[in-house]
1. Taking the condition at negative phi and open to solvent by 70 Å² or more (accessible area, probe 1.4 Å), does E83 pass?
2. Please work out if I206 is open to solvent by less than 20 Å² (accessible area, probe 1.4 Å), in contact with a Lys or Arg (Cβ under 9 Å, 6 or more places away or on another chain) and among the aliphatic types (A, V, I, L, M).
3. Among the numbered criteria (1) open to solvent by 30 Å² or more (accessible area, probe 1.4 Å); (2) in contact with a helix residue (DSSP H, G or I) (Cβ under 9 Å, 6 or more places away or on another chain); (3) small (G, A, S); (4) within 20 Å of T66 (Cα to Cα), which one does A98 miss?
4. Show the residue pairs that are 6+ apart or on different chains and have beta-carbon atoms under 6 Å apart, the first residue being within the range 225-246 and within 29 Å of E174 (Cα to Cα), the second being open to solvent by 10 Å² or more (accessible area, probe 1.4 Å) and β-branched (V, I, T).
5. Residue by residue through the range 55-65, note down the ones that are within 18 Å of the chain's Cα centre (by Cα) and open to solvent by 50 Å² or more (accessible area, probe 1.4 Å).
6. I need the full set of residues from the range 91-138 which are in contact with a Pro (Cβ under 9 Å, 6 or more places away or on another chain) and closer than 29 Å to E13 by Cβ, in order please.
7. Give just the number: which of (1) polar (S, T, N, Q); (2) at pLDDT 95 or above; (3) open to solvent by 10 Å² or more (accessible area, probe 1.4 Å); (4) touching a helix residue (DSSP H, G or I) at 6+ places or on another chain (Cβ under 9 Å) does Q218 not satisfy?
8. Tell me which of these L58 doesn't satisfy, since it passes every other one: (1) touching a residue at least 24 places away in the same chain (Cβ under 8 Å); (2) closer than 18 Å to L146 by Cα.
Amino acid sequence: MAVALNPRIRVREAVPADAEAITNILNDAFSANPMRQLMYPNGVSDESRSKSAARLFLPTPSEGETFMVVAELLPEGSDGPCEIVAFSDWCLFRNPRAEEEWNVQEVPRTQEQLGEDCDVRVFNEFIGGLHRKRREHMKGDPGLVLSTLVCQTNRQRLGAGKALLHWGTTLADELGLPLFLESSPTAYNLYKQFGFEDIDVFDLPIFDLFGASKCEGQDWGEYTALELAGPAPKGCFRSTIMRRPAKRT
């Protein structure tokens with residue numbers, strides 16, 4: 001897919017010195033997300049921000065190769081610092097994995113790991129459910145997974161998200177691998193533009209599990225993946241499981 005990229009957006013792999021900027025973007029980008037608000041009903045504390053930043057560059061031996069990639073906005077002139085405006089987290093599985101490697105019970109996160117202000121039950125129901133869906137569809141097949149893609153809210157529509165997706169799709173195409181992701185309602189149309197197809201939905205029953213009500217104007221994804229699954233049941237937050245088929249460049 002030919003994509004017009006903003007020449008002022010530069011993509012590079014992240015380094016540990018970027019941890020604070022990445023954490024700030026994550027918190028800013030998800031601030032209006034209904035699931036984020038359920039996970040952190042009183043906001044994200046400094047302790048939770050610190051824990052999140054500290055986890056970013058920790059090794060994950062059970063996973064594949066990880067790539068954390070940032071998009072920077074270059075200054076208009078020749079002077080001035082670059083600004084990190086978007087972030088993506090990728091996991092690459094180059095080779096098939098045996099079932100005992102991928103079909104494993106995920107260990108729930110604890111309060112100590114997530115911070116005292118996080119509702120651990122919401123986190124584990126939501127994130128754990130998304131990860132189960134990923135395992136169901138990807139199994140042990142090779143592929144590239146997009147775990148996270150977020151953009152700073154006051155730097156949207158500059159093409160940073162598209163630049164990060166272009167980085168990932170280019171890598172996958174060079175390797176001849178499919179891509180997998182779990183889409184929020186707000187990112188759904190962007191992923192469609194890059195050739196991702198709906199393969200399943202994860203409808204989390206918010207009303208039944210947590211007794212939370214929907215605020216006016218919130219997007220719970222009721223009308224995403226309509227051809228595949230129809231409208232989401234009332235009181236459910238829908239995430240769409242998506243796959244982009246393998247291509248050869």
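1. no
2. Taking the combined requirement at face value, the residue satisfies it.
3. (2) is the only condition that A98 fails.
4. Matching pairs, first to second residue: A225/V201; T240/V201; T240/T224; I241/I199; R243/I199.
5. If we filter the range 55-65 for residues that are within 18 Å of the chain's Cα centre (by Cα), which is where we start, we get 55-58, 60, 63-65.
Listed by number, the residues that qualify are R55, F57, L58, T60, E63, E65.
6. L92, F93, R94, N95, P96, R97, F123, G128, M138
7. Single failed check for Q218: (2).
8. Of (1) touching a residue at least 24 places away in the same chain (Cβ under 8 Å); (2) closer than 18 Å to L146 by Cα, only one is false for L58: (1).
The values are calculated or read from the model by the stated rules, or taken from the named source; none is laboratory data. Since we're looking at a predicted model, the values are computed, not measured. Here Cβ is always computed from backbone atoms with ideal geometry, including for glycine, and neighbour counts include all displayed protein chains. Areas reflect the complete protein model, heavy atoms only, side chains present, ligands, DNA and RNA absent. Shrake-Rupley method; radii C 1.70, N 1.55, O 1.52, S 1.80 Å.
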